[in-house]
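Some notes on the structure that comes next.
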Amino acid sequence: MKFGLSLFAVLILATPALAFETEEIGVLEARFGDENISQPTVIARSENETSATAFLFLAGGGFSSFSIAGYSLDNKRLSLELDYMSERPAVGTVPIGVTITYAPQGTAQHWTSEGAPTPPAISFTRLDVVGEEGHAVGTFAALLCYADGYGVEADTANCRQIDGHFDTRFFVEQ
């Protein structure tokens, strides 16, 4: 199910801007090598669908997935994905999985923390959920390694540091 939601978010991000109306709900900013990245998190709406690029998915059975993805008209994608063994993670909840990904060309070629020599770090100063909405504020750091496509193992000899922060509203999905 997480894959389906992530795929829908990628499709929204890869769709021409005129197909969707967007409303900014936060920001995701980072420094990657000599590049400054600043992308809003958004709610994207079309005639029949609404989706946010920041959401907490309650998978059931005591598990949840939290996703923050930036939105960019040039299809560059920065995303943070966290998996929890908790349906309602809070500031001190330790994730069981974290992946940070950046696709600077908006293609399948990307930089990822998966398989990197050191694990990514994400720290929340705020992670509140009230009903179907929440707010997250925090920082992240990771070594991202280059992967030539999705499903391709990252090249651990070609890695760069990323450091950033986020401040966004998010929505709860089930």
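The values are calculated or read from the model by the stated rules, or taken from the named source; none is laboratory data. Since the model is a prediction, treat every value here as computed from it, not as a measurement. Note that each Cβ is placed from the backbone with ideal geometry, even for glycine, and that neighbours are counted across all protein chains shown. Accessible surface areas use protein heavy atoms only, side chains included; no ligands, DNA or RNA. Shrake-Rupley method; radii C 1.70, N 1.55, O 1.52, S 1.80 Å.
Can you confirm whether the stretch 109-122 contains a residue that is open to solvent by 20 Å² or more (accessible area, probe 1.4 Å) and under 17 Å from PHE57 (Cβ atoms)?
Looking for residues that are open to solvent by 20 Å² or more (accessible area, probe 1.4 Å) and under 17 Å from PHE57 (Cβ atoms), one finds at least one in the stretch 109-122, hence yes.
Any residue in the stretch 159-174 that's more than 13 Å from ILE37 (Cα to Cα): show its pairings with residues that are open to solvent by 70 Å² or more (accessible area, probe 1.4 Å) and acidic (Asp, Glu) at Cβ separation under 8 Å, as long as the two are six or more apart or on different chains.
From the stretch 159-174, the pairs are ARG169/GLU133; PHE170/GLU133; PHE171/GLU132; PHE171/GLU133; VAL172/GLU132; VAL172/GLU133.
Can you confirm whether ALA141 is more than 19 Å from ALA44 (Cβ to Cβ) and surrounded by 13 or more Cβ atoms within 10 Å (Cβ to Cβ)?
yes
Residue under question is ALA69, and the condition is that it be touching a Gly at 6+ places or on another chain (Cβ under 9 Å) and modelled with pLDDT of 95 or more; does it hold?
No.
So, of the residues in the stretch 144-158 that are in contact with a strand residue (DSSP E or B) (Cβ under 6 Å, 6 or more places away or on another chain) and open to solvent by 40 Å² or more (accessible area, probe 1.4 Å), which turns out to be nearest to LEU56 (Cα to Cα)?
Only one residue tops the list, namely TYR146.
Any idea which residue in the stretch 72-93 is least open to solvent (accessible area, probe 1.4 Å), counting only those that are touching a Ser or Thr at 6+ places or on another chain (Cβ under 9 Å) and in a loop (DSSP other than H, G, I, E, B)?
Looking at the filtered set, the residue picked out is PRO89.
Can you find even one residue in the stretch 55-71 that is assigned to a loop (DSSP other than H, G, I, E, B) and within 23 Å of ALA141 (Cα to Cα)?
Yes, some residue in the stretch 55-71 is assigned to a loop (DSSP other than H, G, I, E, B) and within 23 Å of ALA141 (Cα to Cα).
Just one of GLY106, GLY97, GLY131 is modelled with pLDDT under 95, farther than 17 Å from VAL27 by Cβ and open to solvent by less than 40 Å² (accessible area, probe 1.4 Å); which is it?
GLY106
Return a yes/no flag: does the stretch 10-21 have any residue that is under 17 Å from ARG77 (Cα atoms), of a type in the set (Asp, Glu) and either modelled with pLDDT of 95 or more or open to solvent by 40 Å² or more (accessible area, probe 1.4 Å) (or both).
no
What single numbered condition from (1) of a type in the set (A, V, I, L, M); (2) more than 17 Å from the chain's Cα centre (by Cα); (3) closer than 30 Å to GLU21 by Cα fails to hold for ALA147?
ALA147 satisfies all of (1) of a type in the set (A, V, I, L, M); (2) more than 17 Å from the chain's Cα centre (by Cα); (3) closer than 30 Å to GLU21 by Cα except (3).
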